[in-house]
Amino acid sequence: MTNIENPKVKIKARNMTVHYGDAQALHGIDLDLNANEVTALIGPSGCGKSTFLRCINRMNDVIDGCRVGGSLSIDEQDVYDAAVDVVELRARVGMVFQKPNPFPKSIYDNVAYGPRIHGMAQDRASLDALVERSLKRAGLWQEVKDRLSASGTSLSGGQQQRLCIARAIAVNPDIVLMDEPCSALDPIATAVIEELMEELRRDYTIVIVTHSMQQAARISQRTAYFHLGDLVEHGQTETIFTTPQHQQTEAYISGKIG
Amino acid sequence: MTDSHIVSSFDRDLADLNRLVARLGGLAEQQFAAAIDALENRDVSSIDDIIAGDSALDRLEQELNDRAIEVIATRAPMARDLRSILSAVKIASVLERVGDYAKNIAKRSRVIIQEETNRSDTISLARIADIVQGMLRQVLDAYATGNAEQAMDVWARDQEVDALYSSLHGDVLAVIAKGAEQASVSSHFLFIAKNIERIGDHTTAVAEQVYFQVHGSMPTDERPKADLASGPSVTT
């Protein structure tokens, strides 16, 4: 277990296990993730990093035959407690996916959707303000402010992904989960998202799954390396990419046959 | 862990850099040995070749730098791969300097050979040169085999070189004090001794890079002065 000296642990996983039917995807993960940091989860396909990510907002619950064991708490509150409202949890823990998935609605309605169903705005003016604030935080406002009624799907891929980020942060989450958010984007759109993540971590805790070593190295403060359902190594990103402690980590980040 | 990259051309790139360092090391050793031989055998015939030979080291260092930049730009190396590339660049720079010292030793040797009669302190100089040549050979071996312990052994031996240089320095000053007619030659002699002592220092810089490449950090201990009296053999 790696709990690096730290002012505030936001997410605490203890002995997390996940089974999909008979197959065990996670073998007892102990991991602390810090508030206002970007943590990158890396590892080869099938290593369990996305499974772990989906434990944080209980997205695994929707998969048939999936069983989750151990505990995961956010701010010391057990996420898997029977009393937890999963809809509320997923507002508190937003998620951005690999492929931008805006609703087939206007740009405005994409962002307003969450606040509306959570009853966060009393009137049109406050909803307008919330939409504007969210789009600004997502770094998209300048590009779309004159066409808020245009369809979200009319935007470029990078803009769509920022729209999805705006949609996630519109409901005022604590945590934003990102599952390969840039893998469908060109390098310029990727750089814009990476710059945005650096901004967003002031207000949110960010956990990102990425297959790009360079991206993990650029954007994260901590990196966790998963292999075959185990957490092999977790530490400061500079250390992981310069002097990793485990040979498996070194082999993976160097592109060697592990 | 295997040392092979999945992309095998990356391995070939790194092997190329190692080969360039080895060639530079071989040339630096050769130049240094030739300069010392010229002085010890009082033979000026090879000196022009030594001086002309230095440009080959400059070209090789430049070639290595160019290759290193290409590899960094195209492979985005991490961890030990990145360290090995940075070490190769730094070691190449050190070896190029060793070549410069060898060239300078050759130039000054010509003056000494042409003007001077026998001096007793030549023996001390030969002894320092012998130790430093051994250190250079050993540190290049340590680089080639990635042996940090062997490299640190070289690092420790530099103490003895420093001590011998100090002693020789005193001897040469004593010769100068005896009469002005030896002053000019003595100054060349002293600079040669200093050049050799500096080559010794540079071998320790290579040793540190070998250590860094293996361990990912620089050696932190002071050189073990206490070990010196009972220290490693210097009979290389």
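What follows is calculated from the coordinates using simple rules that are stated; it is not laboratory data. Keep in mind the model is a prediction, meaning the values are calculated, not measured. Here Cβ is always computed from backbone atoms with ideal geometry, including for glycine, and neighbour counts include all displayed protein chains.
Here are the numbers for the structure shown:
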quantity	calculated
Cβ neighbours within 10 Å from other chains - mean over A:239-246	3
Relative contact order computed over the range B:1-116 (Cα-Cα under 8 Å; 6+ residues apart), in percent	43
For chain A, built as a Gaussian network whose Cα springs stay under 10 Å, the top-fluctuating residue of A:L177, A:L33, A:L89	A:L89
Normalised contact order of chain A, rounded percent, pairs of Cα under 8 Å and 6 or more residues apart	26
Residue order, fewest to most beta carbons within 10 Å, for A:K105, A:K145	A:K145, A:K105
Length released on extending from B:A177 to B:D49, taking residue separation times 0.36 nm less the Cα-Cα span	42.6 nm
Angle in degrees between helix B:79-115 and the longest Cα principal axis of chain B, rounded to the nearest 10	20
Value of Rg to Rh for the range B:3-215 (Rh from inverse mean 1/r over Cα pairs, i.e. Kirkwood)	1.05
Cα Rg, Dmax, the range A:30-111, angstrom units	14.6, 42
Relative contact order (percent, whole number), the range B:3-215, Cα cutoff 8 Å, 6+ residue spacing	28
Ordering of A:200-206, A:69-75 by packing [mean C-beta count within 10 Å, highest first]	A:200-206, A:69-75
Value of [θ]222 nm, deg cm²/dmol, for chain B, DSSP H segments ≥ 4, -39500 (n - 2.57) each, nearest 500	-29000 deg cm²/dmol
Charge tally in the Cβ shell below 13 Å around A:R67, where Lys, Arg are +1 and Asp, Glu are -1, A:R67 excluded	-2
Packing-based exposure ordering (other Cβ within 10 Å, fewest first) of B:L57, A:L41, B:L173	B:L173, B:L57, A:L41
Radius 10 Å from Cβ of A:T223, net charge of other residues (Lys, Arg +1; Asp, Glu -1)	-1
10 Å Cβ neighbours from other chains, averaged over peptide A:247-256	6
Whole-percent pair-distance distribution, where bins are 10 Å wide, for the alpha carbons of the range A:161-258	14, 45, 30, 10, 0
Lysines whose Cα lies under 23 Å from that of B:K178, excluding same-chain neighbours fewer than 8 positions away	B:K194
For residues of B:74-82, the mean tally of beta carbons on other chains within 10 Å	6
Test item: Cα-centred dipole of chain A, Lys/Arg +1 and Asp/Glu -1 on Cβ, debye	500
Inter-centroid distance (Cα atoms) of the range B:132-155 relative to the range B:67-113, Å	15
Helix axis angle, B:183-215 relative to chain B longest principal axis, alpha carbon, degrees	20
Degrees separating the helix A:157-170 axis from the principal Cα axis of chain A, which is the longest one	90
Cα-based Lys proximity count in chain A, under 21 Å, for pairs eight or more positions apart or on separate chains	7
Förster radius 25 Å - calculated FRET efficiency between A:N101 and A:A129, Cβ distance, rounded to 0.05	0.50
Ranking of A:I175, B:I176 by count of other Cβ atoms within 10 Å, fewest first	B:I176, A:I175
Cβ-based net charge around A:I29, under 12 Å, with every Lys or Arg adding one and every Asp or Glu removing one	0
